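Below: the structure, in structure tokens.
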């Protein structure tokens, strides 16, 4: 329903620069409020303009400092930037993330910068479902760049990182995390690598380890070879190179058709996940009796799954 | 269909101790063969007897050696043991796991021990779906104890560990992994902790770190307080204590009704996941056109999900 012209809706206010209205909208998203459906349908025509950058890496590599430095570099170029700091791990680490956020508050008074933490509330599906909606809200609110920062390098982080158009993987000397990143499967999703704390003596060793691991992969003609950028977030060294590399990746995404392919694949994943969530909601009341029979060995799980799907149609 | 008495079926042979028939059956499971449905339905009446023990921990803590030692301890008590070594991470680490397996081959000639690696073939859902079926097969084949060993401490490992009745989390000095385990959310799923390499000087520090972290949690009256066992897998020190602690946990599971609750919850998860997999298969052909509209912002993802569910009914 359209609001009368003299009383702009909460949505209008959020999309037109009212930071508090925007924060409330994102709280609805984070809470998984049913009202979000309507909001997303309303703001959909205003989406599709933002560039989404994922920043991931093991704890301790300096992700928050790097995000802050990157925000500064984009702001210096006059771009509006939003940061979504997403913690898909257990609530155990919630405190640490919040502490990291505070360090980024140097940008807190800048209207063209919006910073928001989203922690896992309950199960993972909630956050995986909420993040794409949060991106749509920030996109519609006119942020040209949206940085998604995740904690850690596990499967959950890989999943969140895959919501970005460009994925930057951050590493640092002394954490042995080129290997850890390889184990978590994050090398495969990286569009560029940033070796932070380049002023430390063994930074070049990390670059060499990374080159060796990347040498195992092949780049198709016209494909993208992930560059390795050395930087020091605390001093700003290497930040200009990082921005240039991100811009180059964006140009490649647009020119190669890869942007369209990625966004299509993301939409597929999102639809399937939402369909699953809807299915889960529908069958919640019915599945207990089936589960009891599967648990005591009187019903096989495949048949139980079929019954769930059949009941899901009501 | 029943086989004639003079020609036992592959399933009968596998369930009656033919190790090669059992290995072929598990290959079907691992491949996600559609034949598995029928096999599971057939062997279901013979399941429900096995105790399932999960063993997880960061790379380098000595999981394979500990698994081998535990197998030895159970065998000394005359129990039949199967080991499923599951690697839910990227195929990148497949080689390392296979190397670890070879070290356990001291038990390879013992007919009452069955050891099997399952690596991720393609996407995670495949392995998450295959593991419960592999457990059913080993359970029906009469293994009293099934040890599920996972690599790493990420979300995927937590998911696999949650298939066990008792989850043992392995730590070792010098890897800082009490903290890592906390970050991965694995402390919450642990029924007992094993600090391996207890002969190293800083093992007691790991025990202290762990105690401090566990002190944050509360144990309800009649609940289970995860014990911390120090052990050295290479010498067998602490193994008897570990077996005693596992037996105590099993007694508690049975007496408290928690075993029933856990198996019910697992059945719920499994049914929901299989329903999801079936749904995914059904809609694969249809979702592309919807995804294109969501990607270009002309259709909202919630409506797309509804259409997927409606089409899934055909």
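Among the candidates B:140, B:129, B:96, the residue that is within 12 Å of another protein chain (Cβ to nearest Cβ) and at pLDDT below 55 is uniquely B:96. Any chance the stretch B:213-227 includes a residue that's more than 30 Å from residue A:308 (Cβ to Cβ), within 14 Å of chain A (Cβ to nearest Cβ) and assigned to a helix (DSSP H, G or I)? Yes, because at least one residue in the stretch B:213-227 is more than 30 Å from residue A:308 (Cβ to Cβ), within 14 Å of chain A (Cβ to nearest Cβ) and assigned to a helix (DSSP H, G or I).
Of the residues B:304, B:277, the single one that is at pLDDT below 90, within 8 Å of chain A (Cβ to nearest Cβ), closer than 30 Å to residue A:298 by Cβ and assigned to a helix (DSSP H, G or I) is B:277. Out of B:234, B:272, B:244, B:298, report the one residue that is under 26 Å from residue B:68 (Cβ atoms) and either within 10 Å of another protein chain (Cβ to nearest Cβ) or in a loop (DSSP other than H, G, I, E, B) (or both). Among B:234, B:272, B:244, B:298, only B:234 is under 26 Å from residue B:68 (Cβ atoms) and either within 10 Å of another protein chain (Cβ to nearest Cβ) or in a loop (DSSP other than H, G, I, E, B) (or both). When you look at residue B:158, is it assigned to a helix (DSSP H, G or I), at pLDDT 90 or above and touching a helix residue (DSSP H, G or I) at 6+ places or on another chain (Cβ under 6 Å), yes or no? It is false that residue B:158 is assigned to a helix (DSSP H, G or I), at pLDDT 90 or above and touching a helix residue (DSSP H, G or I) at 6+ places or on another chain (Cβ under 6 Å).
Modelled with pLDDT under 90 and in contact with a strand residue (DSSP E or B) (Cβ under 8 Å, 6 or more places away or on another chain): which single residue out of A:215, A:190, A:292 fits that description?
A:190
Residues in the stretch B:196-212 that are surrounded by 10 or more Cβ atoms within 10 Å (Cβ to Cβ) and part of a loop (DSSP other than H, G, I, E, B): B:196, B:197, B:198, B:199, B:200, B:202. Scan the stretch B:11-60 for residues that are surrounded by fewer than 16 Cβ atoms within 10 Å (Cβ to Cβ) and modelled with pLDDT under 85 and the total you get is 5.
The set of residues in the stretch B:247-289 that are surrounded by 20 or more Cβ atoms within 10 Å (Cβ to Cβ) and in contact with a strand residue (DSSP E or B) (Cβ under 8 Å, 6 or more places away or on another chain) comprises B:249, B:253.
The values are calculated or read from the model by the stated rules, or taken from the named source; none is laboratory data. This is a predicted model, so every value here is computed, not measured. Glycine gets a Cβ as well: all are built from the backbone with ideal geometry, and neighbour counts include every protein chain shown.
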